[in-house]
1. Find the relative contact order for the range 1-56 and round it to a whole percent, using C-alpha pairs within less than 8 Å whose residues are 6+ positions apart.
2. All other residues with a Cβ under 14 Å from the Cβ of residue 27 taken together, and with Lys, Arg as +1 and Asp, Glu as -1, what is their net charge?
3. Need one number: % antiparallel among DSSP beta bridges in the range 238-430, to the nearest 5.
4. P(r) tail for the range 238-430, what percent of Cα pairs lie past 29 Å?
5. On average, how much area does the Cα convex hull of the range 1-74 cover when viewed from any direction, in nm²?
6. Which GluC sites (Glu not before Pro) in the range 324-374 sit in a loop by DSSP (not H, G, I, E or B) and have at most 15 other Cβ atoms within 10 Å of their own Cβ?
7. Under 15 Å from the Cβ of residue 47, count the other residues' Cβ atoms, weight Lys and Arg +1, Asp and Glu -1, and hand me the total.
8. Using only Cα atoms, find the angle between the long axis of helix 141-152 and the longest principal axis of the chain, and express it within 0 to 90 degrees, rounded to the nearest 10.
Amino acid sequence: MSVIRKTSPVTGEVLGEFEISTPEQVNEAVARAREASVAWRNRTMDERFEVLERMRAIIDRRGEEFARRISEDTGKALLDALMTEMLVVPLFIDHYRRNAEKILKTEKVWPGMLFPGKKAHIEYFPMGVIGVIAPWNFPFQLSMVPVISAIIGGNTVVLKPSEVTPLTGELIRELCEEAKVPRGVIEVVQGDGSTGAALVEADIDMVFFTGSVNTGRKVMAAASKKPIPVELELGGKDAMIVCADANLKRAAKGAMWGALVNGGQMCTSVERLFVVESVHDEFVELLRAEMEAIVVGDTQDVDMGAITFAPQLKTIEEHLAEAKKAGANIVCGGERIDRPGMFFSPTLVTGVDPEMLIYREETFGPVLPVIKVASEEEAVRLANDHQYGLTGSVWTSDIDKGRRIASQMECGQVGINDLVQSVGNPKLPFGGVKSSGFGRYHGDEGLLTFMHAKAVMISSGRFDSEAVWFPYHGKYGAMTRLFHSVLGGQLLGMGKAFVDLLRTPKD
């Protein structure tokens, strides 16, 4: 039996061993989800929400306990665990409780002048069994939000949590059991990359993947062999643009939080900070002061906790070493903290240019690279000239200018004098462009992404034939008149042409 051996990011001690699901066990979980899908699909929306309300009540009652367990699993600050993991999920349940029926209701559509006497509508039905492969940086939120979004629409789910955070995987299993989620509606399969690969190859109907670009490409390639739909939520190298007229104190505090929340282990972290040269030096000093005040540790009152994944420390150190060698300046931080566990000091880097690894690749750590630019136009150009396009922000006292710059940024979401928080707003869609992935969830899209849209056109059936059906003999002249009437926007001509088509003799 192969196992995941989980060690604490905070102390290094072994926290437990977890069995890696075999391909056979994955297929059995998918079979249970398939068996449950018909009954779950046939439940009313109210009946589905009865299950979700039980989950919500458990999170309300045990949320602080769950946050401590997630903090133990990930090493993240306890406040981060409570705010970004536990709070977000009930917010989404509440939002969809109010809006799901409206989002998924049958939508009437006017069929248009070319289809006289007909009615049309669009209706939605669930895809079936959804495979959700979740990451380690927000192991509860980034598992539960797609899971609840999928089951609200009548799908069933097989969830594969990250092997880096198996304690949270077990917490989710425990939550489902306590909430009495019907067998097969949410299946949890612990395991490593081989488990995720087996899930993609199993009898599922869609894959929802959150993780790295390289793994996302493998998931997409495997899914294409069937083929089945894939949604990819991948990495980011998010740009923050500070204009000369910005509130620099607010921007500095925002940059610090946006770069260091969850230890910088976010696809939406600020990883490229563009500052107009006229305020660059003043702003760097504000950043230095903010960064030096950050408290790192493993207690309830810290700002930043440990690095969750050991290989990530190596990436952080490699990026910093390469940048320093290429001429960047480490203003503060830049090294591991001498204590048990995986702690890295908050790091401010200036003199960064587009040729450095720290600029081109996702660092995913508590590192804030600053790039001096001559103008806002240069900042926008550089922000867009990158493989990633997930989130971004622009900071200015001129809101109209902020809107103009935001509209020019090539990414899935933008903040003006704000950042990151739109991700936690259940009303707004979330997703990236370019190598940051494709598809959207959260908002209305959060339900629709797991649904098939079905177009329905209805005729009364009173007539034996339609004007455009066979035989074509004798109809060409009327059809040419209809063609030119449509292109010329001549409604009367269209009507006459339709009458002629109906009256055209069959011989």
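Only the coordinates and a few stated rules stand behind these numbers; no lab work does. For clarity, every value in this text was computed on a predicted model and none was experimentally measured. Backbone-built Cβ (ideal geometry, glycine too); neighbour counts: all protein chains shown.
1. 21
2. -3
3. Taking every DSSP beta bridge within the range 238-430, about 15 percent pair in antiparallel fashion.
4. 17
5. Mean orientational projected area (the range 1-74, Cα hull): 7.1 nm².
6. In loop regions of the range 324-374 (DSSP not H, G, I, E or B), the sparsely surrounded GluC sites (Glu not before Pro) are 335, 355.
7. Net of charged neighbours comes to +2.
8. It is inclined by approximately 20 degrees.
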